[in-house]
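What follows is one structure encoded as structure tokens, with my remarks underneath.
The values are calculated or read from the model by the stated rules, or taken from the named source; none is laboratory data. It should be emphasised that the depicted structure is a prediction, and the values quoted were computed from it without experimental measurement. As a convention, Cβ positions derive from the backbone with ideal geometry for all residues, glycine included, and neighbour counts pool all protein chains shown.
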């Protein structure tokens with residue numbers, strides 16, 4: 001996904017690295033800087049600094065001085081000042097990986113977008129959107145889980161901006177591995193009436209684009225099965241390799257309001273009776289997910305807790321004999 005220009009300090013790699021004296025923002029040369037042998041002390045020295053960003057009448061300070069070495073857990077603190085008075089702050093057991101100044105409300109009020117990362121192997125990312133009024137207001141706190149990043153676009157070309165997020169509700173879903181699950185489905189947030197709301201269905205082309213991406217993944221997996229790169233057996237039919245991509249197609253079809261078409265594609269793609277039974281068991285779960293996207297957008301915890309409790313389906317693994 002594209003990202004807004006701002007600070008980016010990754011917990012593993014540095015994109016734009018903040019160096020220089022405290023209070024000074026100096027981008028390093030372009031490109032990622034990996035932590036290598038002999039660089040540990042240099043990295044620690046960089047993390048001594050506090051970086052500063054002006055956003056409208058506000059000054060934003062990102063304090064890195066209490067951060068442990070970047071391969072261990074630590075935390076950053078961000079503080080927002082106006083007229084030399086602290087008006088908002090964030091401090092949590094996570095690293096602040098990106099900060100951008102961007103107005104998303106259409107009223108000319110400056111805005112702040114920041115991303116935090118929990119330092120897990122896959123998880124977890126949280127995205128905050130703040131309106132920098134005289135008294136800042138938190139407009140969105142989105143628990144993105146595994147879905148790193150966001151994109152800001154004017155999808156209708158009408159001057160209004162949308163935030164394109166990733167929905168990882170189906171990561172590891174129903175016994176699938178992370179690598180073979182549809183862990184990145186589109187979730188679009190629109191600013192309306194003082195807050196952000198899920199408006200994904202207003203952009204069917206975006207959803208159809210996601211369907212095509214999963215069809216391409218499906219085609220590639222089928223090619224790998226045919227070449228023998230991925231092994232199949234009666235206990236592990238070919239459909240177990242492709243179930244996640246078919247699920248991505250179906251979930252997007254439900255978002256489009258085309259359940260019948262999506263289900264017809266499931267039935268045409270899945271040949272294993274066991275895997276088809278898995279889809280039939282979880283079909284109501286997909287519909288529940290589609291109805292609860294507003295809760296997923298504003299949930300402060302991992303979104304999957306909203307959809308994973310399907311009676312009789314929790315322990316059913318399509319890759320194992322029941």
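Observations on the structure shown:
- Qualifying residues in the stretch 127-147 (those that are within 14 Å of residue 164 (Cα to Cα) and out of contact with any helix residue (DSSP H, G or I) (no Cβ under 9 Å at 6 or more places or on another chain)) - the one modelled with the lowest pLDDT: 147
- Some residue of the stretch 260-280 being at pLDDT below 70, under 26 Å from the mean Cα position of the chain (by Cα) and not assigned by TED's automatic domain parsing to the domain that holds residue 144: no
- Residues (farther than 14 Å from residue 188 by Cβ and in a strand (DSSP E or B)) located in the stretch 142-166: 143, 145
- Which numbered condition residue 174 fails, given (1) out of contact with any strand residue (DSSP E or B) (no Cβ under 7 Å at 6 or more places or on another chain); (2) outside any loop (DSSP other than H, G, I, E, B); (3) under 30 Å from residue 62 (Cα atoms): (3)
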